[in-house]
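**Student:** Sharing a structure below in structure tokens format, with a few things to ask.
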Amino acid sequence: LAAVLNAGRFDLGFYAGRIYGLFAASFVLMVLLLENGVLYARLVESREREREERLRAEEKSAELTVANQELDAFSYSVSHDLRAPLRAIDGFSRILREEHAERLDAEGRRLLDVVGGNARRMGQLIDDLLAFARLGRTPVRRARTDMAALVRAVFAELVVDEAARERIELRVGDLPLASADPALMRQVWTNLLTNAIKYTARRERAVVEVTGGREDGRVVYRVRDNGVGFDMQHAGQLFGVFQRLHAEREFEGTGVGLALVKRIATRHGGDVWAEGRVDEGATFGFWLPDQGGV
């Protein structure tokens, strides 16, 4: 009304347009305020969710730290409390065998040998189990690793007998370099080559062939042998802890070696596989991410 009096005119169309514009602007402003309120609420909710997730992650980290400490304590307990009686069993059985053998008949001596052998196998089993448990916490220290040189060095350590060197032929192809932990890779090759040597023991002429290459952003390595092989329907069991496809009386071992290979490969971001045929040999392979400029 004051505007009408001051303007000295009364134009409904003029003022209706102004009022409509004011309402429209107010409506848009309210919509924007509501949208901003919703966005702010979502932001607060998102930050609260992130905070909760961070707290959960910190709790998980604390739990993992405690679990690792408990594992360390368990490892010490196993290495000390279990090994001590095993050493005693093995030691006393040796004393009986060496100093009191004349009091025992052939069956008694055989049973003593069984006791000592089982004690030593149990000790090896404990060592392998501890190595597998500790591997999950071992930091991976990557370096430029010459896999071909490592294969030859490990083979030379495993096959020291001249007759065995003549019987087992090692063929090493052009293996790509890897960005990997050299110490852990030595464990991988030790287990894979030990496996190949063990399962070709019945061959008059054993052939162990190590090949490799680059495939789809990966560096791939294979160990092929002409040993006893295996049935592919059991391939999924090969890399499990304590999994064996052959009886211990046929081939010695604890069933941990290939599980170590798998764990080391996965720690490097890779994986493992196996192929074989009964009495026609086997191929065990693993791959690692290709770091390109290695």
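Just so it is clear, none of the values below were taken in a lab; they were calculated from the coordinates. Please read these numbers as outputs of a predicted model, since none were measured by experiment. Every residue, glycine as well, gets a Cβ built from its backbone with ideal geometry; the counts of neighbours run over all protein chains shown.
**Student:** Over segment 136-212, one equal point on each Cα, no solvent: what is log10 I(q)/I(0) by the Debye formula at q = 0.16, 0.17, 0.21, 0.23 Å⁻¹?
**Tutor:** For the requested q values the scattering log ratios are -0.61, -0.67, -0.93, -1.06.
**Student:** What is the log10 of I(q)/I(0) for segment 78-139, computed with the Debye formula using one identical point scatterer on each Cα and no solvent, at q = 0.12, 0.14, 0.26, 0.30 Å⁻¹?
**Tutor:** -0.39, -0.49, -1.00, -1.16
**Student:** Starting with the fewest neighbours, write out 39, 112, 193 ranked by other beta-carbon atoms found within 10 Å of each beta-carbon.
**Tutor:** Details: 39 10, 112 19, 193 23.
Ascending number of Cβ neighbours within 10 Å: 39, 112, 193.
**Student:** Here's something else I'd like to know. Can you sort 219, 66 from fewest to most other Cβ atoms within 10 Å of each residue's own Cβ?
**Tutor:** The order, fewest Cβ neighbours first, is 66, 219.
**Student:** Further, regarding this structure: Just check segment 143-289 against the gyration tensor rule for me: Cα atoms, a ≥ b ≥ c as the square roots of the eigenvalues, rounded for a/c under 1.5, and otherwise prolate or oblate depending on whether a/b exceeds b/c.
**Tutor:** Numbers: a/c = 1.63, a/b = 1.21, b/c = 1.35.
Because a/c hits 1.5 or more and a/b fails to exceed b/c, segment 143-289 counts as oblate.
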